[in-house]
Every structure is written in structure tokens, then in C-alpha cells.
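This report concerns only the one structure given below.
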Amino acid sequence: MSSLLRTGSLLAMLLLAGCAGYSAARDMSPEEIAAKSDEWVCDRLRTFAYKGRLPDAWADASALRGLDSCVIEGVKRRSQDDAADKKRPLSCNLSGSVPPPECW
């Protein structure tokens, strides 16, 4: 159980760090985006598409670099997660100290 706790803690820290990077990336200029690698840009495009908020500068970068597939991947992932959320029992949406296993 301690490895599960460590994994959860690490995941939470990564998510928080990712949120800070996400906000900074949102405010990047087209020139700053152009200086980044395709892989880095693709990761951000997936995240923006997943969240449903693709800034104009990022949409332009996607088109210029031919990275529209990254946006499509983000949208597909969101659709999959939404479908999985709909399959979870209603009790999973209730706050509690320990969610039942079917909610994980």
C-alpha cells in the first residue's frame, strides 16, 4: 500500500508542476513557441486540446509545423476520459475519505 501512496504523491506533484508549465506555455509568443522542439510543442498541444482551450498562437504553430495530429490526440484522449467517467457509478462523484475500487 505504501508504494501506491508514493505513486499517488508523485503523480500529484507532477500534475501541480504541469499546471504551472501549462500556464506559462499559454502566454508564450509565436517566436518562443517556434524556438521549441516539435516534441515539446506536441505535448503542449495535446494538453491544450484535452482541456479544450487552444490559444491562437498554438493553433498557428500546429498548422505551421504540421502537428494537427497532436491536437487530435488530445481531443481523442478527452473523449475517452469523458466516456470512462460516464461509466463510473454515481457514488464515485461523491467526496469521501476512500473511494471504492471501481472509482479508480
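Peptide packing for 66-72, 79-85, 24-30 was compared via the average number of neighbouring C-beta atoms within 10 Å per residue; ordered from the highest value, the list is 66-72, 24-30, 79-85.
Excluding Met28 itself, what net charge comes from residues whose Cβ is under 12 Å from its Cβ, given Lys and Arg +1 and Asp and Glu -1? Present the calculation step by step, with values, prior to reporting the outcome.
Details: positive: Arg26, Lys36, Arg44; negative: Asp27, Glu31, Glu32, Asp56, Asp60.
Summing Lys and Arg as +1 and Asp and Glu as -1 gives -2.
How much length is gained on full extension from Asp56 to Glu39, taking 0.36 nm per residue of separation minus their Cα-Cα distance?
Numbers: separation 17, 0.36 × 17 = 6.12 nm, distance 1.89 nm.
Computed gain between Asp56 and Glu39 is 4.2 nm.
Taking the Cβ-Cβ separation of Arg26 and Gln80 as r and a Förster radius of 30 Å, what is the calculated FRET efficiency to the nearest 0.05? Once the sixth-power term is evaluated, E becomes 0.80.
Laboratory data are not the source of any read-out in this text; all were calculated from the coordinates shown. Here the structure is a predicted model, which is why all the values come from computation and not from measurement. When we count neighbours, we look across all protein chains shown, and the Cβ atoms used for this are built from the backbone with ideal geometry, even at glycine.
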